[in-house]
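Comments concern the structure below.
The values are calculated or read from the model by the stated rules, or taken from the named source; none is laboratory data. Keep in mind it's a predicted model, so treat the numbers as computed, not measured. Note: ideal-geometry Cβ built from the backbone for every residue, glycine included; neighbour counts use all protein chains shown.
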Amino acid sequence: MPETQSDTVPETKPSVLFVCVHNAGRSQMAAAFLAHLARGRVDVRSAGSAPADTVNPAVVEAMSEVGVDLSGQSPKMLTTEAVRASDVVITMGCGDACPVFPGKRYLDWALDDPAGQGLAAVRPIRDEIERRVRDLLDELGAGQGK
């Protein structure tokens, strides 16, 4: 039986990088939602231009309320390699800190910063991030089986 194109060309997963300043709130929530909802259909990364020491405890608690565990995560430094390895780069208030490479899709999500906010203020940010991540999954063609 002759080989078909699907036999010889591996299917590639889209890769998404979420970036915010401290990688302790918005980008952590977005990456966790995408990883949770995509169930392995998307490679997910997050990073910060000036990472904090720990993930915001109110963010960890807010995500726990919706069944997503961030307790084992830690902020990571934004690297050129992470941007280069991503198909889509989504920034969240990090300004011009993210390197720009041709052929990448860049989006900026204007979202309130949960830094220094209590749980009540973090919940609507969390919910808006989840809505945007679900839309992104559909755009990427990876939203089946939600």
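Evaluate the stretch 128-142: report whether one residue or more is of a type outside the set (A, V, I, L, M) and under 15 Å from ASN23 (Cα atoms). No, because not a single residue in the stretch 128-142 is of a type outside the set (A, V, I, L, M) and under 15 Å from ASN23 (Cα atoms). Scanning the stretch 42-66 for residues that are surrounded by fewer than 18 Cβ atoms within 10 Å (Cβ to Cβ) and more than 17 Å from ILE125 (Cβ to Cβ) gives ASP43, ALA50, ASP53, THR54. Annotation for the stretch 72-86: at least one member residue is touching a helix residue (DSSP H, G or I) at 6+ places or on another chain (Cβ under 9 Å), farther than 12 Å from ARG26 by Cα, crowded, with 16+ Cβ neighbours inside 10 Å and at pLDDT 95 or above.
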